[in-house]
Amino acid sequence: MMKSRQNVLTAAVTGLAPAVWGSTYLVTTELLPPDRPLLATTMRALPGGLLLLALGRKLPVGVWWWRALILGVLNIGAFNFLLFFAAYRLPGGIAAMIMSAQPMFVVVLAALFLGERIRAIHALAWAMGVAGVVLLVFRGTASLDTLGVVAAVGGALCMALGITLTKRWGRPEDVGVLTFTGWQLTAGGLVLLPFWLALEDLPDTLTGSNIIGFAYLITFGAVLSHMVWFRGIGRLPAVAVSFLALGSPVVATLLGYLVKDETLSVLQIVGMAVIFAAIVLGQPRAPRPKPGETSPAPPGTTVSQVPDQPALEQERSG
């Protein structure tokens, strides 16, 4: 029972990371310079990573140089680049629908690399999650851009593989979550940096809103959210963490309704409920006691034992 409660609390805290990421679209469109997705993505990762490196004062050692690079590319650099690319090429929430395939990718990868069993309940949760995202974001038929679809699928695979490898490799015993997050944000930001410098230019001026937006992305959107995310990956099954990512489009939709006066239909509300149910189904459950198995006595209690007959006779003759 105690373990189950800990898992619920850990899942709730870890779910804050996708919730924060769901606010990124609103911050990007309302506070950041327009039409500069690579600037936003690079600024989101690199400054926060360098800050955490300065605070942690520890660089990777040995095999962790290339492991940190791979995780940084998968979890930060390539994932964010492909996500923004897909969002610009695919209309009407199609990118979010394709990205919702990510938990199923993790189910397969976790079976291959982590030895986690593929369960029917995970397939059901995934189907519910996809259906919920469709109800939430789909806006009629739209022509599909091939490069956009490839980018969305690639982003889902990057996130799935990043979750799986982060779970498989863990982190060095003497390295905390703060330093571990700093390694990945720095690696991801450095990978993004040349793309930004080659494909985009600097804005002419920065307004107060721009500064607030960048500050939010660096602190909440990168540092704090990824620390919570990697902590959750270390404590929960990889598949359970993957389903928590479905919360991002829910938060993005709610913020659009609350802040930008966007409409919220009955179907969207149903979609949110279905997504929440899928997330709950994807979480670990306490094992059921086997038939005839008794639960251990609570701490501080003793189990009375009846003395055997010879002991009683000896005590009486005493």
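For the reader, a short list of remarks on this structure follows.
- Restricting segment 24-44 to residues that are β-branched (Val, Ile, Thr) and surrounded by 20 or more Cβ atoms within 10 Å (Cβ to Cβ), the residue that is farthest from ASP204 (Cα to Cα): THR24
- Residue list for segment 103-136, filter: closer than 20 Å to GLY162 by Cβ, touching a residue at least 24 places away in the same chain (Cβ under 8 Å) and open to solvent by 70 Å² or more (accessible area, probe 1.4 Å): PHE113, TRP126
- Of the residues making up segment 190-203, those that are in contact with a helix residue (DSSP H, G or I) (Cβ under 8 Å, 6 or more places away or on another chain) and either assigned to a helix (DSSP H, G or I) or modelled with pLDDT of 95 or more (or both) are LEU190, VAL191, LEU192, LEU193, PHE195, TRP196, LEU199.
- Test: residue in segment 176-189 that is open to solvent by 50 Å² or more (accessible area, probe 1.4 Å) and either in a helix (DSSP H, G or I) or closer than 18 Å to THR28 by Cα (or both): yes
- Check on TRP21, open to solvent by 30 Å² or more (accessible area, probe 1.4 Å) and over 22 Å from the mean Cα position of the chain (by Cα): no
- Of the residues in segment 253-274, at least one is buried (at least 21 other Cβ atoms within 10 Å of the Cβ), small (Gly, Ala, Ser), in a helix (DSSP H, G or I) and more than 13 Å from the chain's Cα centre (by Cα).
- ARG139 vs. criteria open to solvent by 50 Å² or more (accessible area, probe 1.4 Å), modelled with pLDDT of 90 or more and not in a helix (DSSP H, G or I): no
The values are calculated or read from the model by the stated rules, or taken from the named source; none is laboratory data. Keep in mind that this is a model prediction, so the values were computed, not measured. Note: ideal-geometry Cβ built from the backbone for every residue, glycine included; neighbour counts use all protein chains shown. For accessibility, only protein heavy atoms count, side chains too; no ligands or nucleic acids. Shrake-Rupley method; radii C 1.70, N 1.55, O 1.52, S 1.80 Å.
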